[in-house]
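The values are calculated or read from the model by the stated rules, or taken from the named source; none is laboratory data. Quick caveat, the model's predicted, so the values are computed rather than measured. Neighbour counts are summed over all protein chains in view; Cβ atoms, including those assigned to glycine, are modelled from backbone coordinates with ideal geometry. Only protein heavy atoms, including side chains, enter the accessible area calculation; ligands, DNA and RNA are left aside. Shrake-Rupley method; radii C 1.70, N 1.55, O 1.52, S 1.80 Å.
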Amino acid sequence: MLLNLLEYHWAEDIDDALLLLARTDIKTVPLAGGTYLLGLQNDSIQAVVDLRDLGLAYITEDVHGIHIGAMTTLQSMADTPILKNLAMGLLVRAALASSSSRLIRNSATLGGTLAVGAASQADLLTALAVLDSEVVLRSGSRMQINLEGGTNDRPGLALSGITFKGKQERSVPFSSLELERRSNELIVEVIIPHPAAGCGTSFMRIGRTATDVALLNAAALVEIANGCYRRVRLALGGVNMEPVRLQIVEKELEGQPVASSPADGQRILAALQKGIAHFRPPPDFRASSDYRRVSGVNLAYRVLEEAMNTSNWHSVITSESSTPTGPWPSGGLED
Ligand SMILES: Cc1cc2nc3c(=O)[nH]c(=O)nc-3n(C[C@H](O)[C@H](O)[C@H](O)COP(=O)(O)OP(=O)(O)OC[C@H]3O[C@@H](n4cnc5c(N)ncnc54)[C@H](O)[C@@H]3O)c2cc1C
């Protein structure tokens with residue numbers, strides 16, 4: 001409960017919202033779907049700015065990539081054809097897995113989930129980590145300057161209380177959002193660069209039950225070009241954990257030639273043995289750190305293998321040079 005809430009603002013223009021959020025005399029925060037904020041016990045929040053009418057619920061596509069507005073709900077992400085076709089529906093699967101309740105998915109927004117971060121318990125964050133996504137942030141400021149001053153000999157300007165309004169927009173990589181975002185900055189949208197046509201992706205999770213939060217989740221994206229692994233992305237995450245990119249594993253595999261299944265398997269294992277040493281997941285009442293590390297190797301192996309197989313299939317089919325040698329993994333786009 002926000003027991004000290006004094007003001008509710010329904011902003012109709014993004015600049016108005018930014019100026020309200022920039023106030024320093026009254027603590028003002030954005031209100032998106034409200035699924036997290038309204039249940040929060042925080043006595044310092046005095047005002048909220050409702051973002052519903054700012055036109056930030058959209059999913060569009062242009063040359064830079066796919067733009068997902070901050071007010072897009074998790075359910076809209078799961079339903080949109082553009083995202084179903086992006087990276088084999090990776091974001092769709094992760095959005096659906098983020099909350100098993102459609103009621104919550106209908107309210108919870110992308111911006112709210114990013115702002116809450118690990119505490120949102122959303123699988124979406126791990127999927128965003130492998131897509132090289134960028135987050136667009138905007139802030140506003142208002143400055144009142146009095147130019148009336150001066151002396152009798154040299155009077156000042158006949159202007160009092162001029163108001164300067166400023167705004168700033170910048171984009172930060174998703175991986176550094178937590179560190180870089182300032183408290184008065186509004187998350188406006190997420191931009192996901194188009195992955196190459198032949199890339200393969202995979203997303204898996206471990207939970208106590210199918211609908212529970214993920215004790216651990218893993219996402220991988222693999223792109224093959226000219227018979228080599230050109231781009232490899234691998235991230236592990238889970239409940240109360242920031243997603244972690246295993247960059248050592250990625251570097252070990254990038255540039256390597258595509259091999260037969262057993263040889264690729266050996267290579268993945270060797271890379272994981274090197275890279276997992278830097279994976280130090282936190283313990284909590286659900287799972288110990290050791291459990292998460294051991295399961296992490298297993299899960300990371302499986303997502304990399306699936307993403308590599310899929311990418312391999314794409315490259316074989318597009319080059320039409322040989323017959324595919326493995327099963328096509330299911331997209332898993334269940335609701
Ligand atoms: C009982 C319950 C269980 C839940 N379990 C899960 C779960 O397992 N997995 C899951 O993914 N989600 C879960 N959620 C929902 C979770 O709260 C949302 O995923 C998300 O974290 C909040 O999104 P929202 O749009 O409702 O944000 P809000 O609650 O409106 O806001 C959350 C925070 O983000 C800030 N904020 C919102 N939008 C912006 C923006 N554009 N820019 C800057 N800051 C912003 C707000 O000021 C606030 O501090 C659960 C919710 C409930 C009520």
For Cα pairs less than 8 Å apart in space and 6+ apart in sequence, what is the mean separation divided by the residue count of the chain, i.e. the relative contact order in percent?
15
Mind checking the stretch 177-222 for trypsin sites (Lys or Arg not before Pro) that DSSP puts in a loop (not H, G, I, E or B) and that have at most 12 other Cβ atoms within 10 Å?
Arg182, Arg208
PRE zone check, label point 7 Å out along Cα-to-Cβ of Ser176, amide N under 16 Å, scope the stretch 235-270, hits 245
Enter the angle in degrees (range 0 to 90, nearest 10) between the Cα long axis of helix 261-275 and the first principal axis of the Cα atoms of the chain, meaning the one along which they spread out most.
40
Residues of the stretch 224-256 with amide nitrogen under 19 Å from the 7 Å Cα-to-Cβ point of Gln266?
228-229, 252-256
Compare the peptides 100-111, 266-277, 70-81 by average per-residue count of other Cβ atoms within 10 angstrom and give them in order, highest first.
70-81, 100-111, 266-277
Charges at C-beta only: +1 for Lys and Arg, -1 for Asp and Glu. How large is the resulting dipole of the chain about its Cα centre, in Debye rounded to 20?
800
Nearest 10 degrees is fine. How inclined is helix 289-319 to the longest principal axis of the chain, computing both from alpha carbons?
70
Can you give me the solvent accessible area of His314 with a 1.4 Å probe, rounded to the nearest 10 Å²?
50
In nm, give the distance between the simple-model label positions of Ser101 and Arg293, each being 7 Å from the Cα along the Cα-to-Cβ direction.
3.5
Segments 35-45, 301-311, 213-223, 51-61 sorted - mean Cβ within 10 Å per residue, highest first
213-223, 301-311, 51-61, 35-45
Please report the spacing between the Cα centers of the stretch 160-238 and the stretch 246-273 in Å, no decimals.
23
Can you find, among Leu246, Gly166, Ala210, the residue farthest towards the positive end of the dipole of the chain? Put +1 on the C-beta of Lys and Arg, -1 on that of Asp and Glu.
Leu246
Determine how large the accessible area of Ser289 is when every protein chain is in place; take a 1.4 Å probe and give Å² rounded to the nearest 10.
30
Give me the accessible area of Met204, 1.4 Å probe, in Å² rounded to the nearest 10.
40
Show me, for the stretch 229-235, the HN-Hα J-couplings you get by feeding each phi into the Karplus relation (A = 6.51, B = -1.76, C = 1.60, θ = phi - 60°), rounded to Hz, glycine and proline as x.
7, 7, 9, 10, 10, 9, 9
